[in-house]
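So the structure is just underneath, and the comments pick up after that.
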Amino acid sequence: MRRVSDVLLCAVLGLVVAGGCIGPGGESNDGRGVVENRPKLPEIVVGTWQAQDSPWRITLGAEGVVSAVIPLGVVQIRPNQVTEVEMKDGSVSTYKAGDCYAEYNPLNRELFVSIEIEELHIRFMDEKLEGNSIDRFIGTVSEDGQTWDAELINIFDYGPRFPQGENGIYPEPMVFEKVVEEEQ
């Protein structure tokens, strides 16, 4: 099992390095988070996925566009947009999202989601956290399309006060359930 995790980790890290600002295969982004030439997602994965025991909430559009509620601040982000959040002390924190996209392989029901935070500026009183992160999820969607067993790889740079860790990057197992979004 450890060998499978090592191979998965290497594959995901390869995607992280290759991903950058251009989508896989060299496609360009249109500024709304839609990557050209990306196949549409099938209905079985389109919708909102809520992680069990975590604030992660990922919404997948048919065009492969991803929006998400991320745990750091429990903030809703959208691809290539800046989200501003007023803190309890009146200060404003900002989250600048980069490319956020999803891909699905129907042959093995594997769903891959990438969420990039290009710039993060969280302020509260005299404290601040600045940096960036990339979250990559990969795993299998159930045959009925109601659960997604994924592994999360989180790569971040929040400066010297909050280092990534000396022991490397390890996948974190997560289980998502498809939920019905309430009208707002």
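Bear in mind these aren't lab numbers, they're just calculated from the coordinates by the rules spelled out. What you see is a predicted model, and the numbers here were worked out from it, not measured in a lab. Here the Cβ is made from the backbone with ideal geometry for all residues, glycine too, and neighbour counts use every protein chain on show.
At-a-glance table
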item: Trypsin sites (Lys or Arg not before Pro) lying in DSSP loop within segment 88-142, provided at most 12 other Cβ fall within 10 Å; result: 88
item: Segment 115-182: projected area of the alpha-carbon convex hull, averaged over directions, in nm²; result: 6.8 nm²
item: Nearest-20 debye value, segment 75-132 charge dipole, Cβ charges on Lys, Arg, Asp, Glu; result: 180 debye
item: Highest-first arrangement of 147-157, 44-54, where packing means the average Cβ count within 10 Å; result: 147-157, 44-54
item: Segment 65-162, Cα convex hull volume normalised per residue, Å³; result: 95 Å³
item: Hz values of 3J(HN,Hα) by residue in segment 152-159 - Karplus curve (6.51, -1.76, 1.60), Gly and Pro given as x; result: 9, 10, 10, 10, 9, 9, 10, x
